[in-house]
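See structure below.
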Amino acid sequence: MDSSATTGLMLHSHTGVAYRFDPGALCLELLTTGGPGPYRRYEVLHEPADLAAWADRSRLTPTPALDISAAEVACMRRLRDALFRVVIAHTRSEPHPPGDLEIINEAAARPALTPAITPTGQRQWAGTPSGTHLAASVAQDAVELLTGPFARRIRTCAAEDCHLIYVDTSRPGRRRWCSMEHCGNRHKVRALRARHTEQR
């Protein structure tokens, strides 16, 4: 998993409320851009500028100045959909779909974004990073997550109407919600209303 985490992505609920969501891993951040089947309606990766914008919002530090082709956007969507199916199977303790694992492993085998140090001691990315380098970084992060110590902590938000996936990196390992300020807060409000109703 990428350790250069920011404080998370800014997402918006269906009612337009903004909230912060930290999935805990670069590869899981990609799953907020759309997905296979019913998640297709949330698709935001249509052209190179969309993928560059996602990279800017991601936990990659600094934001890579990417040279992305339309074909690489399509490849990233393919990787994301494969990753989505693998992670869902993983959270359900089901076998990982072999064809999807092949897509992830194929992307992970390519050269990823390479960090470098500038003469002034700042972090940068070496060379001219492409969409393929970005996909390789995401895929390598997925391999590390799914085979590492946090593999058993990949979860789906406990809210019935939320499908966000995160890795619980908290020390006690008891995180239930995508975000305490969104689904966690909604749960608190419902519980409070239910108690008031019972008291009446």
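The values are calculated or read from the model by the stated rules, or taken from the named source; none is laboratory data. Here the structure is a predicted model, which is why all the values come from computation and not from measurement. In this analysis, Cβ positions are derived from the backbone assuming ideal geometry, glycine residues included, and neighbour counts consider all displayed protein chains. Areas reflect the complete protein model, heavy atoms only, side chains present, ligands, DNA and RNA absent. Shrake-Rupley method; radii C 1.70, N 1.55, O 1.52, S 1.80 Å.
Annotations
- Filter pass, residue 73 being in contact with a His (Cβ under 9 Å, 6 or more places away or on another chain), closer than 20 Å to residue 164 by Cβ, modelled with pLDDT of 95 or more and among the hydrophobic types (A, V, I, L, M, F, W, C): no
Conditions tested, residue by residue: (1) small (Gly, Ala, Ser); (2) at pLDDT 80 or above; (3) under 16 Å from the mean Cα position of the chain (by Cα).
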| position | (1), (2), (3) |
| --- | --- |
| 156 | no, yes, yes |
| 160 | no, no, no |
| 185 | no, no, no |
| 191 | yes, no, no |
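For every residue, the table says whether it meets (1) closer than 25 Å to residue 20 by Cα; (2) buried (at least 16 other Cβ atoms within 10 Å of the Cβ); (3) touching a strand residue (DSSP E or B) at 6+ places or on another chain (Cβ under 6 Å); (4) among the acidic types (Asp, Glu).
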residue	(1), (2), (3), (4)
54	yes, yes, no, no
75	no, yes, no, no
83	yes, yes, no, no
91	yes, no, yes, no
107	no, yes, no, no
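- The single residue among 89, 74, 49, 82 that is in contact with a Gly (Cβ under 8 Å, 6 or more places away or on another chain), free of Cβ contacts under 8 Å to residues at least 24 places away in the same chain and assigned to a helix (DSSP H, G or I) turns out to be 82.
- Single residue of the range 120-160 satisfying the filter (open to solvent by 50 Å² or more (accessible area, probe 1.4 Å) and in contact with a Leu (Cβ under 8 Å, 6 or more places away or on another chain)) that is farthest from residue 89 (Cα to Cα): 133
- Taken residue by residue, the range 42-52 has no member that is within 20 Å of residue 156 (Cα to Cα), at pLDDT below 95, touching an Asp or Glu at 6+ places or on another chain (Cβ under 8 Å) and open to solvent by 50 Å² or more (accessible area, probe 1.4 Å).
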